[in-house]
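Student: Shown below is the structure under consideration.
The values are calculated or read from the model by the stated rules, or taken from the named source; none is laboratory data. Predicted model only: the values in this text are computed from it and were never measured. When we count neighbours, we look across all protein chains shown, and the Cβ atoms used for this are built from the backbone with ideal geometry, even at glycine.
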Amino acid sequence: MVHLYVKTLKNDATTHQQKCFLRKLMPKIRRSTVRKIKKFTIDFGGRFFVLLFFVSFTWYVSSKSFVDSPPESNPHSFHYKILETDTCSDQPNMTVVILAHSSPSNIERRNSLRRSWANYKLLGSQNTSLLFFMGHSRSSQINKAIVRESELHHDIIQEDYVDSYRNMTYKFMSAIKWTIKFCSHVRYVLKVDDDVFVNIHALGPFLRKPEITSLLDYRSILCKTCVNEKPVRRQRKHFSKWVVTFREFRARVYPVYCSGMFVLLSLKNAKKIFEMSMQLSYFWIDDVFMTGIVAAKLNLLHYHLPNI
């Protein structure tokens, strides 16, 4: 609550004029609020200026517009710096595509995956592919290294947003956008982080289970769920890169969302999430936004995978 301290005018006529002025320009504010605001004026050579009125009125309008106005659009209008278009078309029998979120500097992590469960031959035997999604680095040397890495492995998708914590949601949107356009025949999408080990031999049999197929084909997201998680708020003696202001997210608790290391869903539901995400105001924590806030808008369900 904002407490307004006021100074009462002695001139009754002026007082009456002030009341009428407030009622005329602030019809939407309750009379009780007007009475609380009262009159606060500064006398400059006999002219009275309603100073506190403009302060309170500006606060009132800004707070109302933030709550009541429709959300800003969030178009994903970035351009590709590195693009692979034939990954899925070369495998018409592919049922699931793996979208790995990576940072440009994590070259060794990507190579570790390529040498282990994500090597080309093993993925091909399971009718799947993996691609790494990232923004561009502020380091020109790293960007040049990414180009060389892409020319060697052909598994990198890079857009021209800056790769940073505040742009993580763009990465999630980029991965789904690419899948919709260049891998539209796959049935499922698996989003992972670049430090996750996936038992690729078990993935196919898992997806063929009737109960799993039913969940995915309905409106479920399979993942390790996060329930009753609270935003990190700024404290005097503590600062974190994960701090979320009340303007960014007002509720005290996040909606149910997925831990980003393993998120499995149908392409149909992934497309719905992408389309809805462009209609809501941007929130930078991708897991909370895409699998929590956006998923809640779509009434998608979360199925907890306890063994992840």
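Student: How about the stretch 125-135: which of its residues are under 14 Å from Asp86 (Cα atoms) and not aliphatic (A, V, I, L, M)?
Tutor: Selection gives Thr128, Ser129.
Student: Out of the residues in the stretch 111-160 meeting the condition of being among the β-branched types (Val, Ile, Thr) and not in a helix (DSSP H, G or I), tell me which one is nearest to the chain's Cα centre (by Cα).
Tutor: So, considering only residues that are among the β-branched types (Val, Ile, Thr) and not in a helix (DSSP H, G or I), the one nearest to the chain's Cα centre (by Cα) is Ile157.
Student: Could you check, for the stretch 91-100, whether at least one of its residues is crowded, with 17+ Cβ neighbours inside 10 Å, in the same structural domain as Leu216 (by TED's automatic domain parsing) and over 23 Å from Leu207 (Cα atoms)?
Tutor: Within the stretch 91-100, not a single residue is crowded, with 17+ Cβ neighbours inside 10 Å, in the same structural domain as Leu216 (by TED's automatic domain parsing) and over 23 Å from Leu207 (Cα atoms).
Student: Right, next: Taking the stretch 162-211, which residues are out of contact with any strand residue (DSSP E or B) (no Cβ under 9 Å at 6 or more places or on another chain) and among the hydroxyl-bearing types (Ser, Thr, Tyr)?
Tutor: Scanning the stretch 162-211 gives Tyr165, Thr169, Ser184.
Student: Something else now. For the condition assigned to a helix (DSSP H, G or I), of a type in the set (Phe, Trp, Tyr), exposed (fewer than 13 other Cβ atoms within 10 Å of the Cβ) and modelled with pLDDT under 95, what is the one hit in Phe66, Phe57?
Tutor: Every option except Phe66 fails the conditions.
Student: For the stretch 167-194, which residues satisfy the criterion of being in a loop (DSSP other than H, G, I, E, B) and surrounded by 13 or more Cβ atoms within 10 Å (Cβ to Cβ)?
Tutor: Answer for the stretch 167-194, where residues must be in a loop (DSSP other than H, G, I, E, B) and surrounded by 13 or more Cβ atoms within 10 Å (Cβ to Cβ): Cys183, His185, Val186, Arg187, Asp194.
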